[in-house]
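Take a look at the structure below.
What follows is calculated from the coordinates using simple rules that are stated; it is not laboratory data. This structure is a prediction, so every number in the text was calculated from the model and none was measured. Cβ: placed from backbone, ideal geometry, glycine included. Neighbour counts: every protein chain shown.
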Amino acid sequence: MDYSTLLLIIVAVFLGSLMRSTLGFGDSVVSMPLLALLPIPFSTAVSLVGLIGCLVALFSIFSGYKHFDKIILIKLSLATLSGIPFGLLLVRSVERRWISLILGTLLILYSIYSFIGPKSHQKSIAKKFQNTSLGIPFGFFSGMLGSAYNMNGIPIVLYATLSNWSPNKFKDTLQTHFLFSSLFIVFSHFLSGFWTRELGIYFLSSLPAVFAAILLGNYLYSKINVLRFKRYVLFFIFILGLFTFIDFL
């Protein structure tokens with residue numbers, strides 16, 4: 001085994017887990033481009049990020065699961081489940097780089113608009129999104145992109161910011177949804193034959209770094225100013241858009 005590669009895998013997983021445990025999203029967009037630079041199969045990278053994401057969500061909801069929205073969670077989870085089979089078809093028919101181009105462009109444009117667009121229009125959009133059924137297509141694309149490229153977080157984060165959720169509702173609903181969606185996605189990876197001996201070694205070797213990232217992320221989250229939380233989220237959506245767009249290049 002190449003231990004230098006293993007160390008770089010652990011670093012990539014740590015950075016993704018730190019992002020996820022701090023803001024509630026972003027692990028796959030951070031970890032996947034870094035893992036793509038390493039000499040490991042793409043299917044192994046996808047499965048590893050899926051397993052780690054499931055673990056982070058499991059630990060995160062223990063600290064504040066009471067803030068999630070039950071109705072939204074049910075609708076998102078059912079829609080996510082229906083999107084997973086389409087993602088398994090997508091990964092075999094569409095190159096990841098083109099998906100990265102579309103998503104990266106969308107995230108960059110959305111974050112810029114949220115910073116400079118009229119606040120009255122944004123409030124009007126948030127009012128419309130009180131209709132929880134509007135989350136169904138976001139859940140569907142979450143399942144599709146999650147099973148194909150481990151990008152299940154992007155559609156849900158967009159839905160959450162459009163709905164203008166409070167910080168606690170944002171993080172706890174996302175983490176609880178990600179736990180359910182990750183279980184679906186991890187199982188789909190298993191059925192697709194993505195699980196290998198190397199995956200088990202990478203996963204077990206990464207556990208100490210993941211636990212350290214969870215502790216550090218929870219500490220950083222406790223220090224975030226509640227009134228500025230959405231601005232931080234939008235800033236990181238912009239950064240994730242750049243990461244995703246660079247993945248296209």
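Please give the contour-minus-distance gain from Phe190 to Phe115: 0.36 nm per residue of separation, less the Cα-Cα distance, rounded to one decimal in nm.
The Phe190-Phe115 span can extend by a further 22.9 nm.
Within 10 Å of each candidate Cβ there may be at most 11 other Cβ atoms; applying that plus a DSSP loop requirement, which trypsin sites (Lys or Arg not before Pro) in the range 177-249 survive?
Lys223
Grab the beta carbon distance between Leu78 and Leu204, set R0 = 25 Å, and tell me the FRET efficiency rounded to 0.05.
Efficiency computed from Cβ-Cβ geometry: 0.15.
Only Cα pairs under 8 Å and at least 6 apart count here; give the relative contact order of the range 3-248 as a rounded whole percent.
Value for the range 3-248: 40 percent.
Find the lysine pairs in the range 3-248 meeting two conditions, Cα atoms under 15 Å apart and a separation of 8 or more places or different chains, and report how many there are.
11
Short version: ³J(HN,Hα) in whole Hz for each residue of the range 152-158, in order, from phi by Karplus 6.51 cos²θ - 1.76 cosθ + 1.60 (θ = phi - 60°), x for Gly and Pro, what are they?
Result, rounded to whole Hz: 5, x, 4, x, 6, 5, 4.
If a paramagnetic tag sat 7 Å from the Cα of Leu58 along the Cα-Cβ line, which residues of the range 20-46 would have the backbone N under 20 Å from that point?
20-22, 24-28, 44-46
In a shell of Cβ-Cβ distance under 13 Å around Phe178, excluding Phe178 itself, what net charge do Lys and Arg (+1) and Asp and Glu (-1) give?
Summing Lys and Arg as +1 and Asp and Glu as -1 gives 0.
Give me the extension gain from Val94 to Asp2: residue separation times 0.36 nm, minus the current Cα-Cα distance, reported in nm with one decimal.
Full extension of this stretch gives 30.0 nm more.
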